[in-house]
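Undergrad: Before I ask anything, let me first share the structure, which is written out below as structure tokens.
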Amino acid sequence: MLKYLLQKEFLQIRRNSFLPRLIIAFPIVMMCVMPWVMNQEVKNIRVACVDNDRSTISQQLVHRIEASNYFLSGGQKPSYQAALKEIESSRADIILVIPQHYSRDLTQGHHPRLLIAANAVNGTKGAMGSAYLRQIVAPSGAVEGTSTLTLYNPHQNYKVFMIPALFAILMMLMTGFLPALNIVGEKEAGTIEQINVTPVSKWSFILAKLIPYWLIALFLITVCLLLSWLVYGITCQGPLLLVYLLAMLLALFFSSLGLIISNYSDTMQQAIFVMWFFVVCMLLLSGLFTPTRSMPSWAYATTYVNPMHYFIDAIRTVFVRGGSFHSIAHQLLALALISSLMAVWAAGSYKKNG
């Protein structure tokens, strides 16, 4: 019986003019476009300089800032008030004021004080831009004895950090929303009534709905790994088997969640909005973009039941750091437990009486 139900599901997917194209095009677009734009590095910071020293050394400092990949020249202003007007009109992000006798103090071995004023309306841009600028204007010897050793991402390539996160987003959208629209779509079409009058068991029916999306998950993760290698030259540092295992557990959770929502929904619109509510909450509370330890204690408590948090933590450990099974045993156990509970709920929530 399961064989024929699976055949029906694959025929429905194949005969749909949109779904096969979506399944192929979506991971390609995500992997080829999103790593370039989903970048939390702050660049193109416009700096307005006020040079009160007007010496050769102060001009060298200004030119060093202009040569940086992170800054854009906002021009040199005659006074701090003139530069402040540039910030108020959003034509500059940071002001650098070089004091008088800057070159003389440096020559005499002193550390002259420079003023850095940042537009903090965008707090992240202001704080990180100021930190970048301090590294440039710090006089030689001010950070003597300090060295940095980068272990897992020596070139500080942000794509290495974001590509594993894209795996999570793809799995969530493709294996979550498609099952959520499956059963409710059959309800609206009226074909669910034909299934309800057959001797098909709940588990056979739910498995027939889940298995195609697990296979889609395997296809998606394979395409993502290949594109990561071909386009960016970034490969998984740990066992690929663990990547696939994590992907299958996350696919089990989201496909089960989608079917649960579909079982309780009467229309596609209702299913989409309910699914979107859960997806956004789990995504923003998962630590994908910001560290979970920065959350308030009550918000951090939600990560204990958030499978996206466990997946992102584990996939970055394996993909970036080359972690082993023992490194992610806790995350695997939590994902397996939550996904199994959701699969049981998905089967139990299906009502054969319609």
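Undergrad: From the list Ile206, Ile234, pick out the single residue that is in contact (Cβ under 8 Å) with a residue 60 or more places away in the chain, hydrophobic (A, V, I, L, M, F, W, C) and not in a helix (DSSP H, G or I). Before the answer, list the steps.
TA: Working: Ile206 fails: not in a helix (DSSP H, G or I).
Testing whether each residue is in contact (Cβ under 8 Å) with a residue 60 or more places away in the chain, hydrophobic (A, V, I, L, M, F, W, C) and not in a helix (DSSP H, G or I) leaves just Ile234.
Undergrad: Here's a check for you: in segment 236-291, which residue that is β-branched (Val, Ile, Thr) and under 15 Å from the mean Cα position of the chain (by Cα) is farthest from Tyr213 (Cα to Cα)?
TA: Start the filter on segment 236-291 by keeping residues that are β-branched (Val, Ile, Thr), which leaves 243, 260-261, 267, 272, 274, 279-280, 290.
Checking the rest, the ones that are also under 15 Å from the mean Cα position of the chain (by Cα) come to 279-280, 290.
Working: Val279: 17, Val280: 21, Thr290: 29 Å.
Residue satisfying both the conditions and the ranking: Thr290.
Undergrad: Any idea which of Val50, Val29 is surrounded by 13 or more Cβ atoms within 10 Å (Cβ to Cβ) and not in a loop (DSSP other than H, G, I, E, B)? So that I can check it myself, show each step before the final result.
TA: Numbers: Val29 fails: surrounded by 13 or more Cβ atoms within 10 Å (Cβ to Cβ).
On inspection, the qualifying residue turns out to be Val50.
Undergrad: Here are some residues: Ala299, Ala334, Ala346. Which one is part of a helix (DSSP H, G or I) and either in contact with a Pro (Cβ under 8 Å, 6 or more places away or on another chain) or modelled with pLDDT of 95 or more (or both)?
TA: Numbers: Ala299 fails: either in contact with a Pro (Cβ under 8 Å, 6 or more places away or on another chain) or modelled with pLDDT of 95 or more (or both); Ala346 fails: either in contact with a Pro (Cβ under 8 Å, 6 or more places away or on another chain) or modelled with pLDDT of 95 or more (or both).
Selected residue: Ala334, the only one of Ala299, Ala334, Ala346 that is part of a helix (DSSP H, G or I) and either in contact with a Pro (Cβ under 8 Å, 6 or more places away or on another chain) or modelled with pLDDT of 95 or more (or both).
Undergrad: Moving on. Of all residues in segment 276-299, how many are of a type in the set (Val, Ile, Thr), in contact with a helix residue (DSSP H, G or I) (Cβ under 8 Å, 6 or more places away or on another chain) and within 17 Å of Phe161 (Cβ to Cβ)? Talk me through it step by step, then tell me what you get.
TA: Pass one, segment 276-299, residues of a type in the set (Val, Ile, Thr): 279-280, 290, 292.
With in contact with a helix residue (DSSP H, G or I) (Cβ under 8 Å, 6 or more places away or on another chain) added as a condition, the list becomes 279, 292.
So of that shortlist, the ones also within 17 Å of Phe161 (Cβ to Cβ) come out as 292.
Selection size over segment 276-299: 1.
Undergrad: Additional query: Out of curiosity, is His309 in the same structural domain as Glu188 (by TED's automatic domain parsing) and loosely packed, with under 13 Cβ neighbours inside 10 Å? Working first, answer last.
TA: Numbers: in the same structural domain as Glu188 (by TED's automatic domain parsing): yes; loosely packed, with under 13 Cβ neighbours inside 10 Å: no.
Here the answer is no, as His309 does not meet what is asked.
Undergrad: Checking Phe319 against (1) touching a Cys at 6+ places or on another chain (Cβ under 7 Å); (2) over 19 Å from Ile163 (Cα atoms), which test does it fail?
TA: Here Phe319 clears every test but (2).
Undergrad: Moving on. Have a look at Leu61, Leu84, Leu72 and point out the one that is within 18 Å of Ala131 (Cβ to Cβ), assigned to a helix (DSSP H, G or I), of a type outside the set (Val, Ile, Thr) and within 40 Å of the chain's Cα centre (by Cα).
TA: Values: Leu84 fails: within 18 Å of Ala131 (Cβ to Cβ); Leu72 fails: assigned to a helix (DSSP H, G or I).
When all the criteria are applied, what remains is Leu61.
Undergrad: Tell me which residues, restricted to segment 61-83, are farther than 12 Å from Asn44 by Cα and in contact (Cβ under 8 Å) with a residue 60 or more places away in the chain.
TA: Leu61, Arg64, listed by residue number.
The values are calculated or read from the model by the stated rules, or taken from the named source; none is laboratory data. Keep in mind it's a predicted model, so treat the numbers as computed, not measured. Counting neighbours? That spans all protein chains shown, and the Cβs are built from the backbone with ideal geometry, glycine included.
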